Every structure is written in C-alpha cells, then in structure tokens.
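Chemist: First the structure, which I've put down as structure tokens, then a few questions once you've had a look.
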Amino acid sequence: MLWAAIVNFDIRILHWLNAFVGRSPHFDKIIEYLNHTQLRYAVIVCFCWWCWFRDTDTSARAQARRHLLRTFAAGIVAIFVARLLALTLPFRVRPRFEPALHFVASDPYSTDLIDWSSFPSDHAVMFTALAVGLCFVSWRAGLLALLYTVLIIDLPRIYLGIHYPTDIIAGLVLGAVISYAMNVVSVFDGLTNWALRWERESPGVFYAALFFVTLEFSTMFESVRELATQVTTLADYLTRSR
C-alpha cells in the first residue's frame with residue numbers, strides 16, 4: 001500500500017512536469033544546460049569559501065571553520081552513503097528509461113546513466129549535506145544554498161526524467177540528517193582541531209588539499225569515481241588472469 005502511494009505520487013508529479021516539455025525549446029535548453037554544466041555545483045562551493053573567510057573575529061572564524069570542516073566531511077560521507085545505497089538497494093530504472101511511463105525527454109537520444117539506479121539522488125544527498133552544514137555558519141547562506149540546491153540542481157533532474165521526486169526527497173532527508181549529525185556530535189572535535197592546527201602550521205599544504213576537496217565537490221567527485229572504476233576493472237582483470 002505504501003509503495004503504491006509512493007509510485008502514484010511520483011507518477012503524478014512526473015506527468016505534470018513532463019507536460020511542459022516541448023512547449024518552449026528555449027526553456028528546455030536552459031534546463032538541459034543547468035543539468036549538464038558543472039558551474040551549478042561551483043556555486044555551492046563558492047558559498048563554502050565565502051563562509052570560510054567571512055568572519056574577522058578570531059573565535060568566530062575558528063568556530064565557523066570547525067563547522068565547515070565537519071560539513072566537508074559530511075559531504076564526502078553523504079555521497080559515499082548515496083552510492084552504497086544505490087548499489088545495494090533494488091535497482092530502480094530512471095523515469096526516462098521506463099517504457100510504462102511514456103516519458104517524453106527533451107534530449108531523447110541521451111542514454112547516460114541507463115545502468116545507474118535512480119534511488120537515491122546522490123546530487124540531492126551531497127549538496128543538501130553541504131547546504132545544511134552552511135546553516136551552522138550562516139543560516140541565511142545555508143537556506144539560500146538549500147533553495148538553490150532544490151531549484152537549480154535537483155528540480156531539473158526530475159524535469160529531464162533522471163530522477164523520481166521521491167529519489168530527490170530521500171536524498172534531501174538523508175543529506176540533511178548526515179550533515180546535522182556530523183555538525184552536532186562532539187566525537188568529531190578531535191578531527192576538526194587537528195585540521196585547524198594543520199592550517200596554522202602548514203597553510204600552503206592545507207589549502208592545496210582543501211582546494212582539491214572542494215574542486216571534487218564541484219565535479220561530483222567525477223575523477224575519483226573514474227579512478228575507482230579503473231582500479232576495480234584492473235583488480236577484476238588481475239583476479240581472472242590468475
């Protein structure tokens with residue numbers, strides 16, 4: 001009964017949004033651009049960097065940076081959990097590839113992600129984690145980042161049939177829970193204090209590492225995923241060749 005209600009909820013919203021596809025080619029192109037450009041991810045990263053340097057008071061700056069370090073860690077944990085769930089839960093075909101939905105895609109020739117399960121949305125999980133973490137530093141910046149995540153990052157993926165609405169909702173909840181937990185649990189105090197000490201003692205190395213991490217956020221860890229795929233493929237080849 002619950003699953004039937006979830007499916008009915010998804011189908012109603014998908015059909016309503018899908019009715020707008022093709023009405024305005026310019027609007028469709030804008031949505032496709034928003035979904036494919038990595039600039040939309042970089043905006044959230046810019047929010048993080050602004051919060052990192054915004055405070056001039058020493059104690060306030062240190063507290064803000066503790067929350068940001070926890071938030072970055074939450075983002076990494078969030079995308080790992082999202083991918084783990086997508087790989088272990090029952091496979092869910094993305095709406096655009098589900099024949100029963102008769103979904104009309106604005107870019108019908110794209111078969112990207114056809115072998116990737118749609119639940120949950122790793123985009124929603126990771127960027128919600130970052131946005132919720134920002135709320136601990138600046139509630140205005142955090143709410144703005146959360147609104148941006150929903151409208152600019154998540155909604156186009158429903159419009160294009162890449163995700164069901166419940167994929168996004170589950171991602172929002174999961175990302176928020178992970179980020180909130182990692183920002184309030186004191187067990188991470190040792191890690192954040194160590195990182196801040198590293199920043200004071202070796203700022204060059206620290207900021208190079210932090211830049212790399214935030215760069216990966218702005219690309220959804222694409223290079224790391226590709227490296228993991230290549231390593232897995234090589235390990236599988238070596239195992240079979242024995």
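Chemist: Rounded to the nearest whole Å³, what is the per residue volume of the convex hull around the Cα atoms of region 145-196?
Modeler: Taking only Cα atoms, region 145-196 has a hull volume of 95 Å³ per residue.
Chemist: Quick one: length gained pulling S202 to L215 fully straight, 0.36 nm per residue minus the C-alpha distance?
Modeler: This chain segment gains 2.7 nm when fully extended.
Chemist: How high is the FRET efficiency between F27 and S59 when r is their beta carbon distance and R₀ equals 35 Å, given to the nearest 0.05?
Modeler: Here the calculated transfer efficiency is 0.15.
Chemist: Relative to the present Cα-Cα distance, how much length would full extension add between L147 and A100 at 0.36 nm per residue of separation? Don't skip to the end; give the middle numbers.
Modeler: Values: separation 47, 0.36 × 47 = 16.92 nm, distance 3.19 nm.
Full extension from L147 to A100 adds 13.7 nm.
Chemist: Kirkwood Rh, region 64-175, all Cα pairs: how many Å? Kindly include the intermediate steps, with their values, before the conclusion.
Modeler: Details: mean 1/r = 0.0687 Å⁻¹.
Taking the inverse mean of 1/r over all distinct Cα pairs, region 64-175 comes out at 14.6 Å.
Chemist: Per DSSP H run of at least 4 residues, take -39500 (n - 2.57); add these up for the chain, divide by its residues and hand me the 222 nm value, nearest 500 deg cm²/dmol.
Modeler: So the calculated ellipticity at 222 nm is -23500 deg cm²/dmol.
Chemist: Of the listed values (i) 7, 28, 32, 21, 10, 2, 0; (ii) 8, 31, 33, 19, 8, 1; (iii) 7, 27, 25, 20, 15, 5, 1, 0, grab the one calculated as P(r) over Cα pairs in 10 Å bins from 0, in percent from the structure here.
Modeler: Working out P(r) over Cα pairs in 10 Å bins from 0, in percent from the coordinates points to (i).
Chemist: Got the relative contact order for region 20-177 handy, in percent, Cα pairs under 8 Å and 6 or more residues apart?
Modeler: Result for region 20-177 is 31 percent.
Chemist: By how many nm would the segment from V173 to F80 grow when fully extended, if each residue of separation counts as 0.36 nm and the alpha-carbon distance is taken off? If you can, show how the numbers build up before the last one.
Modeler: Numbers: separation 93, 0.36 × 93 = 33.48 nm, distance 1.53 nm.
Residue separation times 0.36 nm, minus the Cα-Cα distance, leaves 32.0 nm.
Chemist: May I ask you to evaluate 6.51 cos²θ - 1.76 cosθ + 1.60, the Karplus curve with θ = phi - 60°, for each residue of region 194-210 and list the ³J(HN,Hα) values in order in whole Hz, giving x for glycine and proline?
Modeler: 4, 5, 5, 5, 4, 5, 6, 7, 9, x, x, 5, 4, 6, 5, 5, 5
Chemist: Can I ask one more? Once every Cα of region 10-83 carries one equal point scatterer and solvent is ignored, give the base-10 log of I(q)/I(0) from the Debye formula at q = 0.15, 0.17, 0.19 Å⁻¹, two decimals.
Modeler: Debye intensities relative to I(0), on a log10 scale: -0.77, -0.84, -0.90.
Chemist: What shape does region 48-108 take by its C-alpha gyration tensor, where a ≥ b ≥ c are the square roots of the eigenvalues and a/c under 1.5 counts as rounded, a/b above b/c as prolate, and the rest as oblate? All intermediate terms of the calculation are to be shown ahead of the outcome.
Modeler: On the way: a/c = 7.15, a/b = 2.50, b/c = 2.86.
Oblate is the answer for region 48-108, as a/c is 1.5 or above yet b/c matches or exceeds a/b.
Chemist: Return W16, W50 ranked ascending by Cβ neighbour count within 10 Å, so the fewest neighbours appear first.
Modeler: Working: W16 9, W50 13.
Fewest-to-most ranking of W16, W50: W16, W50.
Chemist: Related question: Counting other beta carbons within 10 Å of each Cβ, put Y207, Y180 in order, fewest first.
Modeler: Taking fewest neighbouring Cβ atoms as first place, the list is Y207, Y180.
Chemist: Once you place label points 7 Å from the Cα toward the Cβ at T233 and W139, how far apart are they in nm?
Modeler: Each label point lies 7 Å from its Cα, and together they span 4.9 nm.
Chemist: Further, regarding this structure: Sort M182, M220, M126 by Cβ crowding within 10 Å, fewest neighbours at the top.
Modeler: Fewest to most other Cβ atoms nearby, the residues stand as M220, M182, M126.
Chemist: In Å³ and rounded to a whole number, note down the convex hull volume per residue for the Cα atoms of region 152-242.
Modeler: 193
Chemist: So for each of 170-178, 115-123, 35-43 I average, over its residues, the number of other beta carbons within 10 Å; can you give me the resulting order with the highest mean first?
Modeler: Going from most to least packed, we get 170-178, 115-123, 35-43.
Where a number appears in this text, it was derived from the coordinates with a stated rule and is not lab data. Since we're looking at a predicted model, the values are computed, not measured. All Cβ positions, glycine included, derive from the backbone under ideal geometry; neighbour counts span all protein chains shown.
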